[in-house]
Amino acid sequence: MALRLYNTLTRKKEPFQPLDAGNVRMYVCGPTVYDLAHIGNARPVIVFDVLFRLLWHLYGPEHVTYVRNITDVDDKINARAAVEYPDLPLNEAIRRVTEKTEKQFHEDVAALGCLPPTVEPRATEHIAAMTAMIDMLVKRGAAYVAEDHVLFHVAAMPDYGKLSGRSLDEMIAGARVEVAPYKRDPMDFVLWKPSKPGEPAWPSPAGITTPGRPGWHIECSAMSWKHLGETFDIQGGGIDLVFPHHENEIAQSRSAFYTPVMANYWLHNGFLQVEGEKMAKSLGNFVTVHDLLRGWRGHKWERPELRLLMLSTHYRQPLDWTLHGLLEACRIIGEWKTITANVDHDSIEVRPSPGVKASLLDDLNTPEAITRLHDLSQAAPRKRAAADELYSDLVFLGLFADRRLESQRAVRELLPLLPRGMDGSEYVVQFRRQVENRLSVIARGFEASSNVLSTSSSVTLQIGLTKPDEKPAFLNDWAKYGPKFLSSTDMQLVDEVTGIEKLNQHIERRLLARKAKNFTEADRIRDELAVMGIELKDSMDPKTGELVTTWEVAR
């Protein structure tokens with residue numbers, strides 16, 4: 001089954017055939033960095049992240065180029081900078097606003113599980129490409145100079161409006177364009193304009209001597225040209241970009257390069273509402289990604305449930321963002337965490353299962369893919385392979401982090417705690433490698449353990465053994481070689497870690513006994529730990545409803 005995508009340009013679902021299977025190219029309009037990203041902004045980022053992952057799977061990571069731009073020159077940025085930093089020169093204030101906002105955007109989308117694009121160009125780094133395109137358009141009669149402005153002449157593009165499917169009268173009514181006296185036609189739009197005093201300014205194109213700055217539409221045309229070529233495969237964004245932004249991009253790029261299309265496939269995601277209403281600050285329902293991650297409606301939300309709710313509706317349909325939907329997503333995620341807690345993720349190749357892949361190939365049908373995930377979760381108690389497939393799908397869709405990558409990250413963070421060893425000793429090298437391997441198992445437990453929280457006065461770790469009965473072979477040599485190669489602090493750390501592992505096994509056995517309603521055995525284990533000076537506390541996880549056991553040293 002081949003990938004099929006709904007093409008806004010042709011208004012039908014079409015088989016995806018890249019211009020070059022060795023270089024599949026996609027451009028998605030990124031943020032204008034003047035304010036925090038809201039959940040409406042997050043929807044296209046997540047949607048096209050899923051498509052990016054699918055293209056990686058189909059063509060190979062080295063054969064896919066995903067460009068998502070940063071717009072860092074815009075009237076909205078100038079206005080925000082003047083308000084936030086009134087005592088600074090405007091250009092310095094703009095720099096502070098864009099750097100702060102871009103940093104927060106990257107943190108937010110990373111927290112949502114989105115992969116970084118292949119290239120993330122900034123508009124201010126591509127001014128030369130913009131002025132070059134503008135010069136082409138003026139030379140070819142598609143643009144003209146008027147009062148230090150350069151404007152695109154819509155009449156030069158015979159099929160202008162094809163993407164949006166609007167008549168000229170509808171476009172004039174809907175565009176809310178400024179009918180300036182220097183325009184030849186009301187629909188003509190700005191490619192370049194003179195800068196006001198203090199605003200960002202660059203040498204102007206088309207022989208204009210007054211410094212100026214680009215219009216919004218030319219920015220994306222220039223950046224896609226420089227990184228993907230005159231024609232590429234996919235252009236994407238929210239449905240609100242169809243007109244005028246994407247319509248104008250097409251007009252600029254085709255007129256500059258004399259190409260029949262700018263991109264072969266145009267994909268657009270639907271609008272997003274909050275509790276059935278349009279999101280607006282005046283209604284008090286304006287929700288940023290930052291708000292959700294810090295706490296919204298009494299809950300601190302996390303990547304899996306936020307992403308699951310976003311993918312629960314087909315990308316082309318309107319999405320209603322509700323508290324009820326988030327709570328239901330939390331419940332589902334809790335079930336999936338429990339089912340996949342003990343899979344051997346080191347042996348699993350992350351790729352979509354046949355059912356999930358078939359759903360995604362059908363125009364990114366994520367609701368149907370989620371149905372396939374439910375099927376796997378129901379089959380998991382009877383079929384171990386179903387739990388493996390479920391875990392692989394969850395990682396592939398970005399709902400769960402890849403535990404192998406998380407382990408590597410955790411090991412890198414823990415390694416500074418270990419000694420460098422003695423020079424020239426091959427055994428030290430081998431010994432340290434075994435310690436690092438053991439720490440990677442511990443690191444995996446940070447995510448694997450959903451129902452045991454282990455704490456200690458000097459070390460705080462969450463540990464979930466994927467193989468409760470395993471006994472690391474290197475521990476047999478610990479007493480013999482440990483004191484020779486490790487400092488007393490390091491010995492205390494590792495002794496404490498292994499002690500926590502043993503304690504964790506007791507707690508896991510008690511939880512299993514409680515689930516089996518063997519309360520006598522559960523009480524025996526609790527009493528045994530009490531004698532050892534360990535006090536257990538049981539509570540319910542408010543998100544998953546699962547029993548959570550914490551422990552502390554009795555005082």
- Message: Can you pull out every residue in the range 84-105 that is in a helix (DSSP H, G or I), out of contact with any His (no Cβ under 9 Å at 6 or more places or on another chain) and open to solvent by less than 60 Å² (accessible area, probe 1.4 Å)?
- Response: L90, E92, A93, I94, V97, T98, T101, E102, F105
- Task: Considering every residue within the range 87-103, establish whether at least one is closer than 22 Å to C29 by Cβ, in contact with an Asp or Glu (Cβ under 6 Å, 6 or more places away or on another chain) and at pLDDT below 95.
- Result: no
- Query: In the list G212, G198, which residue meets the criterion of being touching a residue at least 24 places away in the same chain (Cβ under 8 Å) and buried (at least 18 other Cβ atoms within 10 Å of the Cβ)?
  - Reply: G212
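Yes/no per residue for (1) open to solvent by 10 Å² or more (accessible area, probe 1.4 Å); (2) more than 28 Å from R4 (Cα to Cα); (3) out of contact with any strand residue (DSSP E or B) (no Cβ under 7 Å at 6 or more places or on another chain):
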{"site": "P194", "(1), (2), (3)": "yes, yes, no"}
{"site": "I208", "(1), (2), (3)": "yes, yes, no"}
{"site": "E219", "(1), (2), (3)": "no, yes, no"}
{"site": "H227", "(1), (2), (3)": "yes, no, no"}
{"site": "F232", "(1), (2), (3)": "no, no, no"}
{"site": "Q235", "(1), (2), (3)": "no, no, no"}
{"site": "I239", "(1), (2), (3)": "yes, no, no"}
- Query: Which residue pairs have Cβ atoms closer than 8 Å, lie 6 or more positions apart in sequence or on different chains, and pair a first residue in the range 329-346 that is at positive phi with a second residue that is outside any helix (DSSP H, G or I) and among the small types (G, A, S)?
  - Reply: none
- Task: Filter the range 58-83 for residues that are farther than 25 Å from M130 by Cα and surrounded by fewer than 14 Cβ atoms within 10 Å (Cβ to Cβ) and give the result.
- Result: G60, P61, E62, V83
- Note on the structure: Filtering the range 248-262 for residues that are crowded, with 24+ Cβ neighbours inside 10 Å and touching a Leu at 6+ places or on another chain (Cβ under 8 Å) leaves a count of 3
- If we keep just the residues of the range 341-368 that are in contact with a Leu (Cβ under 6 Å, 6 or more places away or on another chain) and either part of a helix (DSSP H, G or I) or open to solvent by 10 Å² or more (accessible area, probe 1.4 Å) (or both), which is farthest from E277 (Cα to Cα)? L361
- Residue, surrounded by the most Cβ atoms within 10 Å (Cβ to Cβ), within the range 150-167, restricted to residues that are touching a residue at least 40 places away in the same chain (Cβ under 8 Å) and among the aliphatic types (A, V, I, L, M): V150
- Message: I need the full set of residues from the range 106-128 which are of a type outside the set (A, V, I, L, M) and open to solvent by 10 Å² or more (accessible area, probe 1.4 Å), in order please.
- Response: H106, E107, C114, P116, P117, T118, E120, R122, T124, E125, H126
- Report yes if H268 is surrounded by 15 or more Cβ atoms within 10 Å (Cβ to Cβ), within 23 Å of F243 (Cα to Cα) and in contact (Cβ under 8 Å) with a residue 40 or more places away in the chain, otherwise no. yes
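The values are calculated or read from the model by the stated rules, or taken from the named source; none is laboratory data. Please read all numbers here as calculations on a predicted model, not as lab measurements. All Cβ positions, even for glycine, are placed from backbone atoms using ideal geometry, and neighbour counts span all protein chains on display. To get the accessible areas, we keep the full protein, side chains included, count just its heavy atoms, and leave off ligands, DNA and RNA. Shrake-Rupley method; radii C 1.70, N 1.55, O 1.52, S 1.80 Å.
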